[in-house]
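This report concerns only the one structure given below.
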Amino acid sequence: MRRPRLYTILLVVSLIVLLLPVGGIGFLRLYESALVRQTESELIGQGAIVAAAYKAALLRFSQKTQGFVATAYGTDLPATATATNDADGRWRPRSAKLDLALDATLPSPPSPVLRDVADPLALRAGHEVTALLRDAQSTTLAAVRVVDYRGTIVASTGGEIGLSLAEREEVRNALAGDHVSVLRERIRDQPIADIGSISRTSGVRVYVAVPIIDGKRVFGAVLLARTPASLLQTLYRKRWPLLIGMLVVVGAAALVALLTAVTIARPLTAVVRQTERAVRGEKGAVVPLARPGTREVAQLSDAVAQLARTLENRADYIRDFAAHVSHEFKTPLTAIQGAVELLREHGATMTDDERQRFLSNLTADSVRLDRLVRRLLELARADVIQPGADKTLLTPLLQRMAQRYRHDGMRLTLDDRSSGAIVAMGEDTFGSILGNLLDNARQHGGAAVNISLTAERNGDNVRVVVADDGPGVSAANAERIFQPFFTTARAQGGTGLGLAVVKSLLAAHRGSIALVPSVPGAIFEILLPVVS
């Protein structure tokens, strides 16, 4: 079953946590700029209509004015301002472009000043459109001023007729034929309105200047101003959709938290609790989790459960091993202690034969203790041995082993079909393994036992078989034969550690040993990896 990786979940959670506040801040900033561009777009549309109305009124009154020449009225349109996007020069589209992040906010504009007398024809045209401006202002809430080609106000929603705006930057550029949009600081001359009021509370004001052009002449300009909607007011008006959106975000965060808890926190807590139970000594407390959630937690749970089983098995092994060691050492030590006490108390009255018998018993028990200590050391080394780069050419070793044991009087036949195999084990180590098996066969089968030693290549392994025709191993003892301290030849000095040492040495070198059922005799089969 495929499960998500832990780092994938953590990455997703981190990205969500990061993007929520950052995305919210960025969205609000973009939305505030969008409100500014919306106001600018509205002013551009209004300015185009006012400019068209004013120009129509001006041309209509000019027809009644004797000596009026349209090509001589106003100022020349600069050549750079005549470019259009269409072939016939009819269309002059203009889109909103203000951006709070990119455009500087200019200081609040200076008040109009009294300078030049307005053009009489412009005043007549301005007077005609003034009523239009004031009626439209009740709906658009925009301040609108129309200036003649010298910058003098000829129509206004604020009653500033005759004052000059010629020094205003946006008006000066508009009279040069440019369309201008700027942001200026807004000076509040009234208390801040209620959030639900139609009065806007933003700290900036949008100014749009639209030139009034006829052919290649500039007749004047229209200056429009409007405070954009503030972010707070807009959010207040959309409070219910925003509340729903906030609830969705909170719900998403809750789902993320729940997902993290289910897939990470809860399984890890279960692993910790199992481990705590194991620490308190409860056996079998650590088992693989049924619902680990993620692949890493599943691997962790399996590893901890395997570790707990290994530690429990090791603890059982150590406990049983300590009990066996205590038992094996207690018997000869008790015998030694008893013999010493008897010799100390009655040695002077004993006969020479009795004294020699007790001394022989002391010697035998001391030898047994020495053999036990050496076997225990061999088993300890076998349990912790690390395989190195040692190699053994099998055929010469088998020949030397066969020759040595034949020289000692053993009936041994060798069948070597290993084809020059090299095993991944040192010669001394493998020699001690074969020596243990051969000594074990002689110990249980006696001097007349017949032994066969066979070796053959078996794929990536070499198979070595040690077989004898002795009494063999009973079915009841076959399952215990590799356990430490189990022996049926204790009276002959057996320690029960030889086969345990052999098994540990082979396991350390990725090999194995098995007792093959046979009647009569005993057959041991060894498998060892071949060095390629």
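With Cα atoms defining each centre, segment 453-486 and segment 238-316 are spaced 47 Å apart in the structure.
Residue 503: which aspartates and glutamates have alpha carbons under 16 Å from its alpha carbon, excluding same-chain residues fewer than 8 sequence positions away? Result set, ordered by chain and number: 378, 383, 428, 439, 479, 525. Within straight-line reach of residue 330, meaning a Cα separation under 19 Å, sit the following aspartates and glutamates at least 8 residues removed in sequence or on another chain: 320, 341, 365, 370. Ranked by the mean number of other Cβ atoms within 10 Å of their residues, highest first, the peptides 292-298, 104-110 come out as 292-298, 104-110.
Between residue 279 and residue 408, what's the calculated FRET efficiency when r is the beta-carbon distance and R0 is 45 Å? Round to 0.05. Mind showing how you got there, number by number?
Values: r = 54 Å, r/R0 = 1.20.
E(calc), rounded to 0.05, equals 0.25.
Within the shell defined by Cβ-Cβ distances under 9 Å, the residues around residue 57 carry a net charge of +2, with Lys and Arg each +1 and Asp and Glu each -1. For the modelled label position 7 Å from the Cα of residue 3 along Cα-to-Cβ, which residues of segment 251-275 have backbone nitrogen atoms closer than 20 Å? Within reach of a label on residue 3: 256-275.
The peptide list 248-260, 205-217, put in order of mean Cβ contacts within 10 Å with the highest first, becomes 205-217, 248-260. Taking packing as the residue-averaged number of other Cβ atoms within 10 angstrom, the listed peptides 46-56, 301-311 run from highest to lowest as 46-56, 301-311.
Full extension of the segment from residue 141 to residue 316, taken as 0.36 nm per residue of separation minus the current Cα-Cα distance, would add 53.9 nm.
Placing +1 on the Cβ of every Lys and Arg and -1 on the Cβ of every Asp and Glu, with no other charges, gives segment 91-137 a dipole of roughly 100 debye about its Cα centre.
Potential lengthening of the chain between residue 134 and residue 97 amounts to 10.6 nm, from the contour at 0.36 nm per residue minus the alpha-carbon distance. Segment residue 344..residue 373, full-extension length gain: 7.7 nm, with 0.36 nm per residue of separation and the alpha-carbon distance subtracted.
Rounded to the nearest 0.05, what FRET efficiency is calculated for residue 260 and residue 287 with R0 set to 22 Å and r the Cβ-Cβ distance? After rounding to 0.05, the efficiency reads 0.35.
Where a number appears in this text, it was derived from the coordinates with a stated rule and is not lab data. What you see is a predicted model, and the numbers here were worked out from it, not measured in a lab. Methodologically, a virtual Cβ is constructed for each residue, glycine included, from the backbone with ideal geometry; neighbour enumeration extends over all protein chains shown.
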